[in-house]
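Here is the structure we will look at.
Each reported figure results from applying straightforward, stated rules to the coordinates on display, with no laboratory input. Since we're looking at a predicted model, the values are computed, not measured. In this analysis, Cβ positions are derived from the backbone assuming ideal geometry, glycine residues included, and neighbour counts consider all displayed protein chains.
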Amino acid sequence: MQENFSIRPAETEDIAGITCLNDLAFGQPDEGELVHVLIEDGDDLLSLVATTPTGEIIGHIQFFPIDCVPASETVKFAGLGPMSVHPRCQKAGIGGTLITEGLAQMKAKGIQRVFVLGHKDYYPKFGFDVAETAGYAAPWGGPYFMALTLNPGGPEAGQLIYPDAFGSG
Ligand SMILES: CC(C)(COP(=O)(O)OP(=O)(O)OC[C@H]1O[C@@H](n2cnc3c(N)ncnc32)[C@H](O)[C@@H]1OP(=O)(O)O)[C@@H](O)C(=O)NCCC(=O)NCCS
């Protein structure tokens, strides 16, 4: 369904709405729980919500920091996810707007590279490419693991270290 929406940074009081949204969009509680833990652990780099004119949260995107070892130069890497759009509003451009705005803010913050594990036909629309992950060891791989370079610099290879929330070390 086509809805008017606007994008703003998530506030602390949005957490319940964001959790509800993630539960609805994914049909399970895991991603909502991940959002909570990333925030609790201080690993929330950027969280944006899409809201209707009445304030209902119908979209959410979160970015978190990723470290890389051994690093010969400063690492400013990020991960994208989880992201969700209310089932009644999907495929109407809300997800794309959240990604575009989120990436613009990541670029402005000087983030060198963003990694994502997700739909292999969706994220390439925004420039993510499996080839960009070559050289990095991560807890996952394959056609769903993609990256996008936003700024120059950062190690071209190494072991990616995800936040504790991912339980992957
Ligand atoms: C994936 C998701 C966030 C996309 O949000 P959205 O608002 O529906 O996406 P958009 O409307 O901006 O879609 C942009 C384009 O991607 C396409 N697209 C949307 N979802 C897609 C999917 N799962 N796979 C492939 N293409 C998809 C749209 O058709 C559109 O294509 P077009 O530009 O050629 O018209 C949303 O569908 C969702 O919440 N899904 C359930 C949770 C989920 O899977 N989250 C992502 C985990 S990786």
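Considering only the other residues whose Cβ falls under 15 Å of the Cβ of PRO152, what net charge follows from Lys and Arg at +1 and Asp and Glu at -1? Let's see the in-between values first.
Values: positive: LYS76, LYS107, LYS109, ARG113; negative: GLU73, GLU132, GLU156.
Summing Lys and Arg as +1 and Asp and Glu as -1 gives +1.
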Between GLN105 and LEU24, what is the label-point separation in nm under the 7 Å Cα-to-beta-carbon projection? 2.1 nm
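Using only DSSP helix segments of four residues or longer, with each worth -39500 (n - 2.57), what per-residue ellipticity at 222 nm results for the chain after dividing by its residue count and rounding to 500? Mind showing how you got there, number by number?
Details: 3 runs with 38 residues, N = 169.
Rounded to the nearest 500, the figure is -7000 deg cm²/dmol.
Going by average Cβ density within 10 Å per residue, which order do the peptides 57-66, 22-31, 143-152 take, highest to lowest?
Values: 57-66: 24.3, 22-31: 15.4, 143-152: 17.0.
Descending packing order for the listed peptides: 57-66, 143-152, 22-31.
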Please list 104-112, 80-88, 92-100 highest first by mean number of surrounding beta-carbon atoms within 10 Å per residue. 80-88, 92-100, 104-112
What whole number of Å gives the distance from the Cα centroid of the range 1-39 to the Cα centroid of the range 50-129? 13 Å
